Amino acid sequence: MSMTKEETVAARAQTEWPSVNEEVVPLVEGLIRDARALRVEVSRGSLGETRIDCGVRAVGGLEAGRRIAEICLGGLGRVGLETTDPEKAWPFMVTVHTSQPVLACLGSQYAGWSLTVEDKGKKYHVLGSGPARAMGSSEKLFEELGYRDEADSACLVLEADRAPPEALVEHVAEACKLPADRLTFVYAPTSSLAGTTQIAARCLEVALHKTHELHFPLADIVDGIATAPLPPPAPGFAAAMGRTNDAIIYGGRVQLYVSGSAKAAKGLAEQLPSLRSKDYGRPFADIFAAVKGDFYAIDRMLFSPAMVTVTALESGESFEAGHIDTAILSRSFSS
């Protein structure tokens, strides 16, 4: 009896997928070891958790952001800072590759763990990324992937402008079924150099997430590589968020290698680029302001790379769609 696509994904998880939390241990240890060189600050929280500040009180930098991105990928991907044609505007790029795109991007890097706790009478809300999601998050996505991680330590990455409060650490420890002193929290605001870099490095993850939204079979995604321009950080959250989104929406390029029919590969290529969204055509900060900060009022099909190539491995055919919009990038990055 043949398996369904969902059963195939689950079978792959059981037989091939590693522990993302175990894979990142040497990366986290390296970040701690090189803290002074990277200008990050390492400390112990009140419950014994390890805290790595990469851009709140710490200066941080591009290399810290690059390393955070590899931690977010569960240790299953490589992130590089590269240069394209130096004559072009915004020639510096963030390039991401992983041979485990589904697990690395959807099972780890995706900021899918919504966390809200009370801290000193106020709500502390943050989205969690990275390998701890696979242990503690209740996202339905993990049921579809057929994957849950088990490890004796866990690492969570937060896009935050302050350290996680005690209540959040307790919640994550309980969800992951680990003592707090086995947890590491890496955090940086979007407006920091490290934060900007690690968010731009989500160019492949954004493509995988939209592929999932389009109901393309995840089991057919074999490999992937993506690149996006490195945006300059902005001092305010909204502007910084706008630039990091624009880097992918108007400047991101992705190559996916898929099994299955050439027809399905062509259909994915045609639907995947951001220009298929009704909200396409303005800097993200302008779109965000127009909906008065209501993220859910933005067409979710906008969150995708600008240009896509999908290669059908069985036929050898490649299908390309979308384009890079340098005008909007320059408007976003320069304003």
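The values are calculated or read from the model by the stated rules, or taken from the named source; none is laboratory data. Computed from a prediction, not measured in an experiment: that's the story for all the values here. FYI the Cβ positions are ideal-geometry reconstructions off the backbone, even for glycines, and counts take in every protein chain you see. Surface accessibility is based on the protein's heavy atoms, side chains included, excluding ligands, DNA and RNA. Shrake-Rupley method; radii C 1.70, N 1.55, O 1.52, S 1.80 Å.
Among the residues of region 185-228, which ones are of a type in the set (Val, Ile, Thr) and more than 30 Å from Gly48 (Cβ to Cβ)?
Our first condition is that a residue be of a type in the set (Val, Ile, Thr); within region 185-228, this holds for 186, 190, 196-197, 199, 206, 211, 221-222, 225, 227.
Within region 185-228, Thr196, Val206, Thr211, Ile221, Val222, Ile225, Thr227 qualify.
In region 273-290, is there at least one residue being in contact with a strand residue (DSSP E or B) (Cβ under 6 Å, 6 or more places away or on another chain), modelled with pLDDT of 95 or more and not aromatic (Phe, Trp, Tyr)? It would help to see each step written out before you state the result.
First, the residues of region 273-290 that are in contact with a strand residue (DSSP E or B) (Cβ under 6 Å, 6 or more places away or on another chain): 273, 275.
Filter again for modelled with pLDDT of 95 or more, leaving 273, 275.
Subset that is not aromatic (Phe, Trp, Tyr): 273, 275.
Among the residues of region 273-290, at least one is in contact with a strand residue (DSSP E or B) (Cβ under 6 Å, 6 or more places away or on another chain), modelled with pLDDT of 95 or more and not aromatic (Phe, Trp, Tyr), which makes the answer yes.
Write out, first by first residue and then by second, each pair whose Cβ atoms fall under 8 Å of each other, whose residues are 6+ apart or on separate chains, and whose first residue, in region 70-85, is under 20 Å from Val157 (Cα atoms) and without any contact (Cβ under 8 Å) to a residue 24 or more places away in the chain while the second is outside any loop (DSSP other than H, G, I, E, B) and among the polar types (S, T, N, Q).
Correct list of pairs: Arg78/Thr98; Gly80/Thr95.
Answer yes or no: is there a residue in region 55-69 that is open to solvent by less than 70 Å² (accessible area, probe 1.4 Å), farther than 18 Å from Leu230 by Cα and either outside any strand (DSSP E or B) or hydrophobic (A, V, I, L, M, F, W, C) (or both).
Within region 55-69 (the criterion being open to solvent by less than 70 Å² (accessible area, probe 1.4 Å), farther than 18 Å from Leu230 by Cα and either outside any strand (DSSP E or B) or hydrophobic (A, V, I, L, M, F, W, C) (or both)), the answer is yes, since at least one residue qualifies.
Take the residues of region 102-152 that are in a loop (DSSP other than H, G, I, E, B) and aromatic (Phe, Trp, Tyr): which is most open to solvent (accessible area, probe 1.4 Å)?
Step one: filter region 102-152 for residues in a loop (DSSP other than H, G, I, E, B), giving 110-112, 120-121, 130-132, 137-140, 146-152.
Subset that is aromatic (Phe, Trp, Tyr): 110, 147.
On the way: Tyr110: 59, Tyr147: 13 Å².
Applying the filter and picking the extreme gives Tyr110.
Output the helices (runs of 4 or more DSSP H) that fall wholly within region 161-257 and possess 3 or more residues being touching an Asp or Glu at 6+ places or on another chain (Cβ under 9 Å) and surrounded by fewer than 24 Cβ atoms within 10 Å (Cβ to Cβ), or say none. Reasoning before the result, please.
Numbers: elements: 166-176, 193-200, 203-213, 237-249.
Correct list: 166-176.
Working carefully through the options Arg282, Arg331, find the one that is part of a loop (DSSP other than H, G, I, E, B) and in contact (Cβ under 8 Å) with a residue 40 or more places away in the chain.
Arg282
Being aliphatic (A, V, I, L, M) and under 18 Å from the mean Cα position of the chain (by Cα) is the filter here; which residues of region 132-153 pass it?
Of all residues in region 132-153, those aliphatic (A, V, I, L, M) come to 132, 134-135, 141, 145, 151.
Once the filter is applied, which keeps residues that are aliphatic (A, V, I, L, M) and under 18 Å from the mean Cα position of the chain (by Cα), region 132-153 yields Ala132, Ala134, Met135, Leu141, Leu145.
Would you tally the residues in region 285-301 being under 19 Å from the mean Cα position of the chain (by Cα) and either buried (at least 20 other Cβ atoms within 10 Å of the Cβ) or in contact (Cβ under 8 Å) with a residue 60 or more places away in the chain (or both)?
2
Whether any residue in region 249-267 is of a type in the set (Val, Ile, Thr) and within 23 Å of Val291 (Cβ to Cβ) is what I want to check.
Step one: list which residues in region 249-267 are of a type in the set (Val, Ile, Thr), which gives 249, 254, 258.
Now drop any that are not within 23 Å of Val291 (Cβ to Cβ), which leaves 249.
For region 249-267, residues of a type in the set (Val, Ile, Thr) and within 23 Å of Val291 (Cβ to Cβ): present.
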